[in-house]
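Below is one structure; the comments refer to it alone.
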Amino acid sequence: MAEPVCIPDAKVALSTASVYPESTATAFEIAARLGYDGVEVMVWTDPVSQDIEALRRLSDYHRIPILAVHAPCLLITQRVWSTDPWVKLQRAQAAAEKLGATTVVVHPPFRWQRQYARDFVTGIWRMANETDVRFAVENMYPWRYRDREMLAYAPDWDVTKEDYRHFTIDLSHSATARSDAMHMVDRMGDRLGHVHLADGRGSAKDEHLVPGRGSQPCAELLERLALTGFDGHVVIEVNTRRAMSGAEREADLAEALAFTRLHLASAVKVPRP
């Protein structure tokens, strides 16, 4: 008889970005109502996402922990928490430490951030050595328009080409990059510290579909995490902005949670001889 593998220590969290254009506060409410294990706070233009005390109050009120902080790395957040990218990371680290989060998610620099890009790998190592918080660098993708491709990230969108202590794998980004997600996971090895779970079909746009609605190996990845005893967090980071109602948005987020828990629990051991 095959024996079920124990569900790994990984907790399933909801990214606050998954409720956009709703607010950070709404994400806490939905995560608690649907039974998520915690949230990942996307620090962006919503003032609440930038306010440590406001986030602590939301966490306490809804009784749902903050498991990760996503540093403000997007184009629309270039002025959030300073225009200096290192200050942004310092503040993300401080927020994570004060809120009890174990991970800071960070994107590689844009190519036009030349000095930041030049020092990024050594700088991330330096910061990682100063804290118990994981700095998990996330895979990105080339920017495409029609038949043109622009390499927007440095040192590279494929973060496995550099030496980082921890990685974040994002399956929507691997779809947009048209790269093999499981091969990337193999290269990350035991340095895979964080997962952004979403799906994609290989569009030039970063789709962030509900897991199971695209072509990415979402189920395969989750089953591998179970088999290997992954102890990081699995974060649902999907796009619900086209939802026609709050009920439709919640249905998508409930489906994503059910998919994730099902496949974390469905792996089996090789039968004993």
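Key figures for this structure:
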quantity: Which listed residue, of LEU253, LEU221, is within 17 Å of the chain's Cα centre (by Cα), more than 25 Å from ASP180 (Cα to Cα) and not in a strand (DSSP E or B); calculated: LEU253
quantity: Some residue of segment 6-20 being open to solvent by 50 Å² or more (accessible area, probe 1.4 Å), part of a loop (DSSP other than H, G, I, E, B), of a type in the set (A, V, I, L, M, F, W, C) and farther than 30 Å from ALA226 by Cβ; calculated: no
quantity: Residue in segment 69-85 that is open to solvent by 30 Å² or more (accessible area, probe 1.4 Å) and small (Gly, Ala, Ser) present; calculated: yes
quantity: Every residue from segment 79-128 that is within 21 Å of the chain's Cα centre (by Cα), in a loop (DSSP other than H, G, I, E, B) and not small (Gly, Ala, Ser); calculated: VAL80, TRP81, THR102, HIS107, PRO108, PRO109
quantity: Lone qualifier among LEU227, LEU209 - being open to solvent by 10 Å² or more (accessible area, probe 1.4 Å), touching a residue at least 24 places away in the same chain (Cβ under 8 Å), more than 23 Å from HIS70 (Cα to Cα) and not hydroxyl-bearing (Ser, Thr, Tyr); calculated: LEU227
quantity: Residues being crowded, with 20+ Cβ neighbours inside 10 Å and over 16 Å from ARG111 (Cβ atoms) - total across segment 140-176; calculated: 13
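The values are calculated or read from the model by the stated rules, or taken from the named source; none is laboratory data. Worth saying up front: this structure is predicted, and the values here are computed from it rather than measured. Backbone-built Cβ (ideal geometry, glycine too); neighbour counts: all protein chains shown. With ligands, DNA and RNA removed, areas are computed over all heavy atoms of the protein, side chains included. Shrake-Rupley method; radii C 1.70, N 1.55, O 1.52, S 1.80 Å.
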